[in-house]
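Trainee: Quick one: the structure is below, and I'll ask about it shortly.
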There are 2 protein chains.
Amino acid sequence: MSGRESEQLLLSKLCDRGAALQPQSLVITKIQQGYHTRSYADQLRRAKRLASALQRWGVRMEDRVATLMWNSGWHFECYQAISCMGACLHTLNLRLGQADLGYIIHHAQDRIIFVDANLIQLLEQISPSDLATVELFVCAGSDGEANQWKSSQLDSRKTIDYEAFLNSGHEDYRWPALADSSMMGLCYTSGTTGKPKGAAYSQRSTYLHTLMICGVDQLAISSREVVLPFVPMFHVLSWGIPYALLMTGSPAVFTSHFTDPGAMLQMMMDWGVHVSTGVPAVWQTLRQHIQSTGSLAAVQPKMRLQRLVCGGSSPPATLMRWFLDELGVEFVQVWGMTETNPIGSVARRIGKVTDLEKGVDDSFNNVKKAGLPSPGVEVRIAQLDDLSRDVAPGEAGELLVRGPWVIQEYYEVDASEKFFQGWLITGDVAKIDEEGAIIISDRSKDVIKSGGEWISSIDMENAVCAMPGISLAAVVAVPHPRWDERPVVVVILDKGVNTEGLLDRVREHLSSSFAKFQLPDDVLVWKEIPHTGTGKMDKKSIRAKLEEQQYILPSLRTSKL
Amino acid sequence: MSGRESEQLLLSKLCDRGAALQPQSLVITKIQQGYHTRSYADQLRRAKRLASALQRWGVRMEDRVATLMWNSGWHFECYQAISCMGACLHTLNLRLGQADLGYIIHHAQDRIIFVDANLIQLLEQISPSDLATVELFVCAGSDGEANQWKSSQLDSRKTIDYEAFLNSGHEDYRWPALADSSMMGLCYTSGTTGKPKGAAYSQRSTYLHTLMICGVDQLAISSREVVLPFVPMFHVLSWGIPYALLMTGSPAVFTSHFTDPGAMLQMMMDWGVHVSTGVPAVWQTLRQHIQSTGSLAAVQPKMRLQRLVCGGSSPPATLMRWFLDELGVEFVQVWGMTETNPIGSVARRIGKVTDLEKGVDDSFNNVKKAGLPSPGVEVRIAQLDDLSRDVAPGEAGELLVRGPWVIQEYYEVDASEKFFQGWLITGDVAKIDEEGAIIISDRSKDVIKSGGEWISSIDMENAVCAMPGISLAAVVAVPHPRWDERPVVVVILDKGVNTEGLLDRVREHLSSSFAKFQLPDDVLVWKEIPHTGTGKMDKKSIRAKLEEQQYILPSLRTSKL
């Protein structure tokens, strides 16, 4: 049937839809003096003007056009213009250090960077050689910040005002015909090991991902709801939400740099937000804000919030309980990676027909899982030491995924060790439970192998943290000549807690849920535990620190005496 | 990026999902003695066995394997097995006459026909030469009917029992790798003009359609709901619902040949059905059944019905009002064609955020429209006499559509007149209203052109039908030497209605909503109005009958006197 259905899966075909069906629906951005609003119809006209300006500049298919911007209507326009015209939207993470940022810009060979005025100083710190490919800086900003850049140290011959640049294009521009295999977006992973690596997405990849996440069992993005995408637009295309919004024309609320919980809460109330996205810490902060200001009773009648889409780590049941009881809000948990564009699986409170009769507390358990693989995503659990073999059903192993929006290679770098026969090696240790849901138990590089058996560091950390007096715990592997590796617990104690007999108490506490051979050999009390830039405990640094200290396991010390 | 994301969009990747995630979810079929049930896990095993049996028989990629079956778990297995193994599922319409059925089987060159025992007589009536390509009849049936076929007139050397055939395969069969451009399904249109034409769907077409219809603003098929697909599985793949069910694993209820409203109602109550699909006449019949049996009060507490997906024609507001008030059921209206696989647009009661404040009655208006184009479907309204030109916004014209699941040619027949520069010519006259919704006003072959202006026959029929005493009205064009065409109304009157001054009364009634030049030249009172096999008024026959009667318009008669 080749050629009979030659319709290419292009984002321009989806992204014109919202403006056509809901031309008066609003794109809202928080600014200093209230809100900036623009209709979807206007946004489409401006996006075409912007695409036309890029075309006139000489931007060609798959050329990298970068953004270093907050979540805003202007960033949203860039999403639409750059990827619908066939160029490659390269979103720069404004939380990165100058070295990584410079490396990424240089590696991607960005030709143009759209930058918010209040972020220009990040570019000024980058070595000029890393910016060698950049022909133009397009400086955006509201609140009168737009002119700040004029005093910047960037080469003034290479800078232009956003509106001036946009107005160099014309709005009767038409989206081009493209091959749907062409690259529409590029995001770099902020891995703790080695240089950042780019995950490139094709038109087809993001088109399919957009259709999928609007599924009623997925993120259910609907034209009938107001959405506040809190996840940064520089973080895996904000989980794909902007493209879903362009498709549905749902009213969209963007925070710009006003990301504190008080500002967010006000936006939710002002615009009747139904859905938002973010990591659990964000919702924890929102809850704390409401509680500490004592504003719950005032907030309740003004909130229309229905769902919080949550990713990154599992939300605590107490958090979900509070939001459900006080605000009637459901948590939807997602699992994914930069490499999966990013949604791979979704967990909802009530996942199945057979769960409908279950009590509410029981079904919070579902949301703590990574959830059910999304349609189109295939999952394998492979043996950690032999990826060609599946584990037995229900056992834990290396999580491998593939599907039409899962990358099969990194951008312009050889990293074949991250793939196995067409499957992405996620680096997560996971199992599939009896409900078909994925449960992540560890990062595969952090799992501990002792005497041929695996010990989950995350399970042990959670168990240790549940002990009174312990505020944080990390479990790492320490080499052992006979058992290969043995688990050691590093803890931060609450003030005034007695360390006497701590190892025995920890082993005693763990013995109810861990086998004897799995119990830790040692407990170390530290003042702080190193974290990565994205807020995760940095196990690699912990292991390096122990090595630096020439740490030896107690059992080995004894034998040497 | 070619080759980086080489994942083909294969139905087998979606259809294994339901069984994996909801293995114990049920596939339910009504049988004489109650219900036959089977789990999705069992169904998948059986589908693989069936696919393996087909492979052993020598069925190759894209070979046509036909079904002549009621909606049932067995038919559902055939859907899964035939299309996931790479063969082409050709569903035969059991309402067709023997000549059309024979033509279609012969044209498609079906190699195997799966047939329900109680439908075998339909095959017996077909000319043997039309069955020349058929190597095997696989005879299915429950209720002890399975053996009826043994006394049939079909060549006994070519017949085999369904279970015996299935058991010739093995369940450790693996779905093959395929090109997603390969043909997975074939449905013939039952057009009133010319021979039936086949619309062939690729793996990719149906994969995308399946993802799309599960969208929350589309048909919202969810793993959390019980679905009774009432639309026949021989009618455009039952609107694509079976593939959505295989993907979600939602409990599925099939009626088999027990299609009367009493049986359907019982199934809905017995299994807690949430969603069903059908034409308005089906829901009208269900309502009449409940009303005439006086069972509403008994039915209400047992019904979990949430939505009725409705297509074919607009449901009357009174029908929607009754279902909403008495059973809390929402109508979802869809527009589509065999050529669009089939969903092209969807109308919901509350379509937009801006409608949320509207009253309920107002928003029923939305559901009478064909609705908002589904994501991925592109729509053009072209001038009826020059398809290369768009009409002005809001005006009516020929509806053209294209998209990844819209065919671009018919199967093995030249019908290039049905396409225009890659767009499908739907044959519908439509306009796009201020909300972006499609409103169908006529079939383009039925629209009337008078003095260079267009008159909608459907609008006029609806207006005439609203007059007291008129039970049915058809409006057709009659040739006129000066004005090209003039409208003539054919009516059926209620018993005892006086025909005196009828033309004047009709013109008077229409004058509030039609221009003077649009008012009909004549009103003819007939005892019956011819209908097509699918229940639509047959305008072609009406025009033929007038010609046969050598009908002349009154104004022309006068001038000849």
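The values are calculated or read from the model by the stated rules, or taken from the named source; none is laboratory data. Owing to the predicted nature of the structure, the values given are computational and were not obtained by experimental measurement. Reconstructed Cβ throughout: ideal geometry from the backbone, glycine too, with neighbour counts over all protein chains shown. Quick note on the areas: whole protein, heavy atoms, side chains included, nothing else; ligands and nucleic acids left out. Shrake-Rupley method; radii C 1.70, N 1.55, O 1.52, S 1.80 Å.
Trainee: Per q in 0.16, 0.17 1/Å, what log10 I(q)/I(0) does a Debye calculation on the alpha-carbon atoms of segment B:202-316 return?
Mentor: Log10 of I(q)/I(0), two decimals: -0.75, -0.84.
Trainee: Summing Lys, Arg as +1 and Asp, Glu as -1, what charge do residues with Cβ under 14 Å from the Cβ of B:P232 carry, B:P232 excluded? Could the numbers behind the result be given before it?
Mentor: Details: positive: B:R95; negative: B:D116.
Once positives and negatives cancel, what remains is 0.
Trainee: Continuing with the same structure: Leaving ligands and nucleic acids out of the surface, order A:E326, B:E547, A:E378, B:E453 by accessible area at 1.4 Å, largest first.
Mentor: Working: A:E326 65, B:E547 145, A:E378 45, B:E453 100 Å².
The residues order as B:E547, B:E453, A:E326, A:E378, largest area first.
Trainee: Can I ask one more? Three principal axis extents, largest first, for the C-alpha atoms of segment B:448-560, in Å?
Mentor: Computed over the Cα atoms, the extents are 36, 32, 26 Å.
Trainee: Return one whole number: the accessible area per residue of segment A:375-443 in Å², for a 1.4 Å probe.
Mentor: Numbers: 2910 Å² over 69 residues.
Result: 42 Å² of accessible area for each residue.
Trainee: Next up: Nearest 10 degrees is fine. How inclined is helix B:73-84 to the longest principal axis of chain B, computing both from alpha carbons?
Mentor: Here the helix axis deviates by roughly 80 degrees.
Trainee: Over the heavy atoms of A:K418, what accessible area does a 1.4 Å probe trace out, to the nearest 10 Å²?
Mentor: Approximately 70 Å² of A:K418 is accessible to the 1.4 Å probe.
Trainee: Using every pair of alpha-carbon atoms in segment A:1-144, split the distances into 5 Å bins beginning at 0 and state the percent of pairs per bin, rounded to integers.
Mentor: The percentages, shortest bin first, are 2, 9, 17, 20, 18, 15, 10, 5, 2, 1, 0, 0.
Trainee: Hey, another quick one. May I ask you to list the aspartates and glutamates whose Cα is less than 19 Å away from that of A:K48, ignoring any residue fewer than eight positions away on the same chain?
Mentor: Within reach: A:D16, A:E62, A:D63, A:E77, A:D161, A:E163, A:E171, A:D172, B:E378.
Trainee: A follow-up question, please. Provide a whole-number value for the mean count of partner chain Cβ atoms within 10 Å of the Cβ atoms in peptide B:200-211. Numbers along the way, then the final one.
Mentor: Numbers: counts 3, 3, 4, 1, 4, 4, 0, 4, 6, 1, 3, 12.
Going residue by residue through B:200-211 and averaging, the value is 4.
Trainee: For segment A:448-560, with every protein chain kept in place, what is the accessible area per residue (1.4 Å probe, Å²)? List each step's numbers first, then the result.
Mentor: On the way: 6440 Å² over 113 residues.
Accessible area per residue, segment A:448-560: 57 Å².
Trainee: Right, next: Treat every Asp and Glu Cβ in segment B:377-443 as -1 and every Lys and Arg Cβ as +1, leave all other atoms uncharged, and give the resulting dipole magnitude about the Cα centre to the nearest 20 debye.
Mentor: Working: 6 positive and 15 negative charges, 20 e Å.
Here the size comes out at about 100 debye.
Trainee: Whenever you get a sec, line up A:V134, B:V497 from highest to lowest accessible area (probe 1.4 Å, protein heavy atoms).
Mentor: Details: A:V134 0, B:V497 50 Å².
Order by accessible area, largest first: B:V497, A:V134.
Trainee: What angle do you read, to the nearest 10 degrees and between 0 and 90, between the alpha-carbon axis of helix A:280-293 and the longest principal axis of chain A?
Mentor: Value to nearest ten degrees: 90.
Trainee: Say a label goes 7 Å from Cα toward Cβ at A:E547 in every copy; what distances in nm does this one have to the rest, shortest first?
Mentor: Result, one decimal in nm: 9.0.
Trainee: Could you give the C-alpha radius of gyration of the protein assembly as shown expressed as a fraction of 2.2 N^0.38 Å, taking N as the number of residues it contains? Provide the component values of the computation, followed by the final result.
Mentor: Working: Rg = 32.5 Å, N = 1122, 2.2 N^0.38 = 31.7 Å.
With N residues counted in the protein assembly as shown, Rg over 2.2 N^0.38 Å equals 1.02.
Trainee: What is the helix-to-structure angle for A:261-271, meaning the angle in degrees between its Cα long axis and the longest Cα principal axis of chain A, kept from 0 to 90 and rounded to the nearest 10?
Mentor: Approximately 50 degrees, to the nearest ten.
Trainee: Right, here's the next one. Heads up, I need the accessible area for A:Y551: 1.4 angstrom probe, whole protein in place, Å², nearest 10.
Mentor: Approximately 50 Å² for this residue.
Trainee: Right, something else. Run the dipole for the protein assembly as shown about the Cα centre, Lys and Arg Cβ at +1, Asp and Glu Cβ at -1, nothing else charged, and hand back the magnitude in debye, nearest 20. Each step should come with its number before you reach the end.
Mentor: On the way: 110 positive and 128 negative charges, 33 e Å.
I would put it at about 160 debye.
Trainee: Follow-up question, since we're still on this one. Compute the Cα gyration tensor for segment A:375-443, then decide on rounded, prolate or oblate, letting a ≥ b ≥ c be the square roots of its eigenvalues: rounded whenever a/c is under 1.5, prolate when a/b is larger than b/c in the other cases, and oblate in all that remain. Before the final figure, lay out each step's value.
Mentor: Details: a/c = 2.18, a/b = 1.56, b/c = 1.40.
Cα axes put segment A:375-443 in the prolate bin.
Trainee: Assume the label is 7 Å from Cα along Cα to beta carbon: what separations in nm does A:G328 have to the matching positions in the other copies?
Mentor: The projected label point of A:G328 is separated from its counterparts by 1.4 nm.
Trainee: I would also like to ask the following. In whole Å, what are the extents of segment A:237-391 along the principal axes defined by its C-alpha atoms, from largest to smallest?
Mentor: 56, 37, 28
Trainee: Could I ask something else about it? Taking the full set of protein chains and a 1.4 angstrom probe, give the accessible area of B:D270 in square angstrom, rounded to the nearest 10.
Mentor: Counting only protein heavy atoms, the figure is 80 Å².
Trainee: Once neighbouring chains are kept in place and the probe is 1.4 Å, which whole percent of the accessible area of segment B:209-346 is contributed by carbon and sulfur? Walk me through the intermediate numbers first.
Mentor: On the way: 1920 of 3620 Å².
C and S fraction of accessible area: 53 percent.
Trainee: Taking the dipole about the Cα centre of segment B:448-560, with the C-beta of Lys and Arg at +1 and of Asp and Glu at -1, give me whichever of B:V497, B:G469, B:L553 is farthest to the positive side.
Mentor: Highest projection toward the positive end goes to B:L553.
Trainee: Counting only protein heavy atoms and rolling a 1.4 Å probe, how much accessible area do B and A lose on contact, total for both sides, in Å² to 100?
Mentor: It comes to approximately 5300 Å² buried between B and A.
Trainee: Could you state the number of Å between the C-alpha centres of segment B:436-494 and segment A:237-289?
Mentor: Taking the Cα centre of segment B:436-494 as reference, the centre of segment A:237-289 is 51 Å away.
Trainee: Turning to a different aspect of this structure: For B:K158, list the lysines whose Cα falls under 17 Å from its own Cα; do not include residues on the same chain fewer than 8 positions away.
Mentor: B:K150
Trainee: List the distances, in nm and shortest first, from the label point of A:T285 to the matching label points in every other copy, placing each point 7 Å from Cα along the Cα-to-Cβ direction.
Mentor: Its label point is 6.0 nm from the equivalent points in the other copies.
Trainee: Obtain the nm distance between the two label points defined at A:A317 and A:E453 by a simple spin-label model: each point lies 7 Å from its Cα along the Cα-to-C-beta direction.
Mentor: Between A:A317 and A:E453, the simple spin-label model gives 2.6 nm.
Trainee: Note down the magnitude of the dipole of segment B:1-116 about its Cα centre, charges +1 on Lys and Arg C-beta and -1 on Asp and Glu C-beta and zero elsewhere, to the nearest 20 debye.
Mentor: On the way: 14 positive and 10 negative charges, 62 e Å.
The calculated dipole for segment B:1-116 is roughly 300 debye.
Trainee: For B:S295 and B:R443, what is the calculated FRET efficiency with R₀ set at 41 Å and r taken between the beta-carbons, to the nearest 0.05? Before the final figure, lay out the partial values.
Mentor: On the way: r = 38 Å, r/R0 = 0.94.
Working from the Cβ atoms, E equals 0.60.
Trainee: Whenever you get a sec, line up B:S25, A:S314 from highest to lowest accessible area (probe 1.4 Å, protein heavy atoms).
Mentor: Numbers: B:S25 15, A:S314 60 Å².
Order by accessible area, largest first: A:S314, B:S25.
Trainee: In a shell of Cβ-Cβ distance under 9 Å around B:S441, excluding B:S441 itself, what net charge do Lys and Arg (+1) and Asp and Glu (-1) give?
Mentor: Details: positive: B:K431; negative: B:D428, B:D442, B:D459.
That works out to -2.
Trainee: Near B:F517, within a Cβ-to-Cβ distance under 14 Å, what is the net charge of the other residues, with Lys and Arg +1 and Asp and Glu -1?
Mentor: Working: positive: B:K449, B:R482, B:R486, B:R507, B:K516; negative: B:E453, B:D484, B:E485, B:D521.
That works out to +1.
Trainee: Taking only protein heavy atoms and a 1.4 Å probe, what accessible area per residue, in Å², does segment B:81-121 have with all protein chains in place?
Mentor: Values: 1050 Å² over 41 residues.
For segment B:81-121, the per-residue accessible area is 26 Å².
Trainee: Over 32 Å between Cα atoms, which of B:K431/B:K527; A:K418/A:K527; A:K30/B:K369; A:K197/A:K368; A:K369/A:K516 qualify? Intermediate values should be presented prior to the final figure.
Mentor: Values: B:K431/B:K527 34 Å; A:K418/A:K527 35 Å; A:K30/B:K369 37 Å; A:K197/A:K368 29 Å; A:K369/A:K516 27 Å.
Result: B:K431/B:K527; A:K418/A:K527; A:K30/B:K369 exceed 32 Å.
Trainee: Let me ask another. Going by a ≥ b ≥ c, the root eigenvalues of the Cα gyration tensor, does chain B fall in the rounded group (a/c under 1.5), the prolate group (a/b larger than b/c) or the oblate group?
Mentor: Numbers: a/c = 1.68, a/b = 1.56, b/c = 1.08.
Since a/c reaches 1.5 and a/b is larger than b/c, the shape of chain B is classed as prolate.
Trainee: Separate question: Would you mind telling me the share, in percent, of accessible area of segment A:8-200 contributed by carbon and sulfur at probe 1.4 angstrom?
Mentor: Working: 3300 of 7100 Å².
That fraction is 47 percent.
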